[in-house]
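Note sheet for the following structure.
The values are calculated or read from the model by the stated rules, or taken from the named source; none is laboratory data. Being a predicted model, the structure only gives us computed values, none of them experimental. Cβ coordinates were reconstructed from backbone atoms using ideal geometry, including for glycine residues, and neighbour counts include every protein chain displayed. Only protein heavy atoms, including side chains, enter the accessible area calculation; ligands, DNA and RNA are left aside. Shrake-Rupley method; radii C 1.70, N 1.55, O 1.52, S 1.80 Å.
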Amino acid sequence: MKKLFYSIIAVVLIGCNSNGQTTQKEIGVVENDSYKITMDKVFLKKILEEQLRKDKNEAILTEFEIVKDTYVNEPSKEYYILVAQNKEGSTKIAFELELNSNVFVASFKNDVLARGTCTCSGGCTRGCNPRREVGPGNEIDWYCDACRKGSGCSKSVTSTSLD
């Protein structure tokens, strides 16, 4: 009876500890010099559209892509992001990826992106793209490319950490 009691206590404690842990999930891979998303797009769509709704944006995401880019003010440094957008291209949401041995991963905590997202919205289909830059004190920050003048491209950034 004591063994059963201690076993139940151990299972409960393990369950409690794992609920709040950050985990790495595979998002995609590099295949023949191109990037392929391997994560279930239904899951990606769900979590990213939930984030958009929190920002009062009702966009329906239809396209998903892994993008390699360079920091605007430090073009020798590269980074990877996953960008999802609606059919019109007027709303784009992105999150940062890590590349480990040809596998793209992102950190999640309870099925929420642990490092946050950047949403760029506006009245244009070209430009208004999520990008990264090195800011004051070497702090990495999100910004949105400008599209044509007066189109109203706006930025919304979620928390960069859930800790």
What ranking, highest mean first, results for peptides 111-119, 57-65 when packing means the other Cβ atoms within 10 Å averaged over each residue? 111-119, 57-65
For residue 128, which sequence-distant residues (separation of 5 or more, or a different chain) have an amide H within less than 5 Å of its own amide H, given hydrogens modelled in the peptide plane? 145, 146, 147
Please list, in order along segment 28-36, the HN-Hα scalar couplings obtained from phi with the Karplus expression 6.51 cos²θ - 1.76 cosθ + 1.60 (θ = phi - 60°), rounded to whole Hz, x for Gly and Pro. x, 9, 9, 10, 6, 6, 10, 10, 10
Reported to the nearest 10 Å², residue 42 has, with a 1.4 Å probe, an accessible area equal to 100
Ranking request for peptides 44-51, 81-88: highest mean number of other beta-carbon atoms within 10 Å first, then the rest in descending order. 81-88, 44-51
Residue-count net charge about residue 71 - beta-carbon cut-off 9 Å; Lys, Arg +1, Asp, Glu -1: -1
Non-local amide H neighbours of residue 115 (under 5 Å, H modeled in plane, Pro and chain starts lacking H): which ones? 107
Under Karplus coefficients 6.51, -1.76 and 1.60, residue-wise ³J(HN,Hα) of segment 39-50 in Hz, glycine/proline x: 5, 4, 5, 5, 5, 4, 4, 4, 5, 6, 5, 4
